[in-house]
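For reference, the structure discussed in these notes is given below.
The values are calculated or read from the model by the stated rules, or taken from the named source; none is laboratory data. This one's a predicted model, so the numbers in the text were calculated from it and none came from an experiment. Counting neighbours? That spans all protein chains shown, and the Cβs are built from the backbone with ideal geometry, glycine included.
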Amino acid sequence: MRFRELGNTCVFGLQWGDEGKGKVVDLLLEDFDVVVRYSGGANAGHTIVVDGQRFALHQLPSGILRPNVLSIIGPGAVLDPAVLLGEIASLRSRGVQIGDNLRVSDRAHLVFPYHRREDTLAEAAARVGEKLGTTARGIGPCYADKYARYWAIRAGDLHPAGRFRERLAAVVAHKNSYLAAVYGTRELLDADRLAEEYLQFAEELRPFLCNTTVLLHGLMKQGRRVLFEGAQGSLLDIDHGTYPFVTSASAGNGGVVSGAGVPPTAIRASIGVIKAYATRVGAGPFPTELRDSVGETIRQRGNEYGTTTGRPRRCGWFDAVAASYAAMFSGPTGLAVLHLDTLSGFEEVKVCTAYKTGGVRLSEFPADVHVLDEVEPVYETLPGWSEDIVGCRRLADLPAAARDYLRVLGQRLGAPVRMVGVGPARDQVIFVEDGV
Ligand code: GDP
Ligand code: IMO
Ligand code: MG
C-alpha cells in the first residue's frame, strides 16, 4: 500500500524505451484498480517476472496478470488484433484469466498487414543513415493513416460487416496501388480474404470492445484508482524526442491525456522510469553509447536484448542531459531507477552531465540529430561498488557508493527516487520512503 496515497498515476519512460516500465506497473498495481495503455501498440515489449515465470506483453496492459485489476487499451493506442488475440491465447494457455478484466476502446485504430508491409518496405527503401530501425510492427504507417484520416479503420468499424467490407475494399485498393507505385510491389492484397480474417477477429474482440473513455470516467467517479501505463519512452516521443528516430506516438507523459481520454487534472502523480544506465534499440543518436567492452559487459549483465525483436540493445552510461530534458517535458513527480544491480562490479560509473561540440558546451538538448550524433559527452565519474546487490531490500542494505549514485540521478532529474530495481523479479525491488 505504498503508492495508494498518490492518486491516479502515470508510469512512463524517460529514456529510449525498455526502462523497465512493465515491472514498475506490475508492482504499483498492488495499489490500483485499473490500468490503461494509452499509446503505441505491439512495438512495445513489457516484461514481468512472477514466481520465476517471464511474461512479455506487447499489446496487452501489464495489469492483465492481476485478475482483480481492470486492464484497458485506450483510444490513443493502435491495435493489432492478430497480436492481441495471439497474446490472449498464449496467456490463457499459461493459466492467466482474461475476460471481464479486459476492455478495448472502440476508438483505437487497427493495424492491418498492409501497415506492417509498408513499415518494412519504407525501411528497406530508406537511404543509409535514414533507416529508423523500427520494430516492423506497422506502427508508423497505422498512425500516419490515423492522422491522414482517409484510409484509417478503427476497432469499432469492424461492425456492421457489410459496411466494413466496403470500407476495407476501398482502402485495400488504395494500398495496393500505393505500394505498387511507390515500392513496385506486385504481390497484391486480397480485400475479401482480409475482410474475412478481420471479421473473424471481430467476433473474438466483441466482448472486450466499448467506449473506454466513458467507462474510465464512471470508474474514477466511483473512486477507483487508475494507473496509466506508458509505452516506449520520452526520448522516442514524436514531438519531443530525437526526431526522426522516434516512434509515431506521444510516448512522453503528455500522451496520457488524449491517449486515455482523461483531463490533465485527473492525474495526480507520475513516475518516470529510468535505467541506471542508458540503452537504445534501433537507429538514432546516442551520445553516451559504449561501443567497447564496458558496453558489452552492461549488455551481458543486464541481458539487454529487445523484448519485441530480440535485437541486441545499444548500451551506454546514463545520459543526464537527455534524461533531464525528458524530465522537463514529461515532469515526473517521482523516479523509479531500475537495473541498479547491473552496474555492480564496475570500479567507476559515469553520468553524462553536459555535451560539448567543437570544445564548446551546449546549453540545450539539440533538436538536430546530426549535432547530437557528434556531441562529445562530458562525464561526472563516481566510485563504483563491487557488492552483489540483488538481495538488497532496503536502502540501508545498499553500498554507500550505490546510494550516492542514486542521489546524483535524483538531483540531476529534479525528482525523488521512489523505487529501485535490483533484479528482474517482482520482489527484487527497494521502495524508498524518505529519499535517498
Ligand atoms: P519496458 O519496455 O520498459 O517494460 O522494459 P523491458 O521489459 O523491455 O526491458 C526491461 C528488462 O529488464 C526486462 O527484461 C526486465 O525483466 C528487466 N528488469 C526490469 N527491472 C530490472 C532490474 O531492476 N534489474 C535487472 N537486472 N533486470 C530488470
Ligand atoms: P517499450 O514500450 C524500445 C523504437 C524502435 C525504433 C523506433 C521506431 O518496450 O519501451 P516503431 O516500430 O515504433 O516505429 O520504431 O522506436 N521502439 C522502442 N524501443 N522500447 C520500445 O517499447 C520501443 N518501441 C519502439 O526500436 O528505434
Ligand atoms: Mg520494452
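Assorted remarks:
- Selection status of residue 239, in the same structural domain as residue 330 (by TED's automatic domain parsing) and more than 25 Å from residue 60 (Cβ to Cβ): yes
- Taken over the range 310-323, the residue count meeting the criterion of being farther than 20 Å from residue 421 by Cβ and more than 18 Å from the chain's Cα centre (by Cα) is 1.
- Test: residue in the range 39-59 that is part of a helix (DSSP H, G or I), within 11 Å of ligand 1 (Cβ to nearest atom) and within 17 Å of the chain's Cα centre (by Cα): no
Residue by residue, here is whether (1) of a type in the set (Asp, Glu); (2) more than 16 Å from ligand 2 (Cβ to nearest atom); (3) on the phi < 0 side of the Ramachandran plot; (4) not assigned by TED's automatic domain parsing to the domain that holds residue 272 holds:
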residue	(1), (2), (3), (4)
302	no, no, yes, no
318	no, yes, yes, no
327	no, yes, yes, no
351	no, yes, yes, no
359	no, yes, no, no
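- Put simply, of 330, 270 the only residue that is under 19 Å from the mean Cα position of the chain (by Cα) and more than 21 Å from residue 48 (Cβ to Cβ) is 330.
- Top-ranked residue in the range 207-259 [being within 24 Å of residue 33 (Cβ to Cβ) and without any contact (Cβ under 8 Å) to a residue 40 or more places away in the chain; ranked as nearest to the chain's Cα centre (by Cα)]: 257
- Within the range 402-436, if we keep just the residues that are among the small types (Gly, Ala, Ser) and not in a strand (DSSP E or B), the residue that is nearest to residue 328 (Cα to Cα) turns out to be 414.
- Residue match in the range 310-327 (condition: away from ligand 3 (no atom under 14 Å from the Cβ), part of a helix (DSSP H, G or I) and not aliphatic (A, V, I, L, M)): yes
- Residue within the range 9-29 that is within 15 Å of ligand 2 (Cβ to nearest atom), outside the structural domain of residue 143 (by TED's automatic domain parsing), aromatic (Phe, Trp, Tyr) and modelled with pLDDT of 95 or more present: yes
- Of the residues 197, 229, the single one that is touching a His at 6+ places or on another chain (Cβ under 8 Å), at pLDDT 95 or above and farther than 18 Å from residue 143 by Cα is 229.
- The single residue among 121, 132 that is part of a loop (DSSP other than H, G, I, E, B) and aliphatic (A, V, I, L, M) turns out to be 132.
- Test: residue in the range 394-416 that is without any contact (Cβ under 8 Å) to a residue 60 or more places away in the chain and in contact with a Gly (Cβ under 7 Å, 6 or more places away or on another chain): yes
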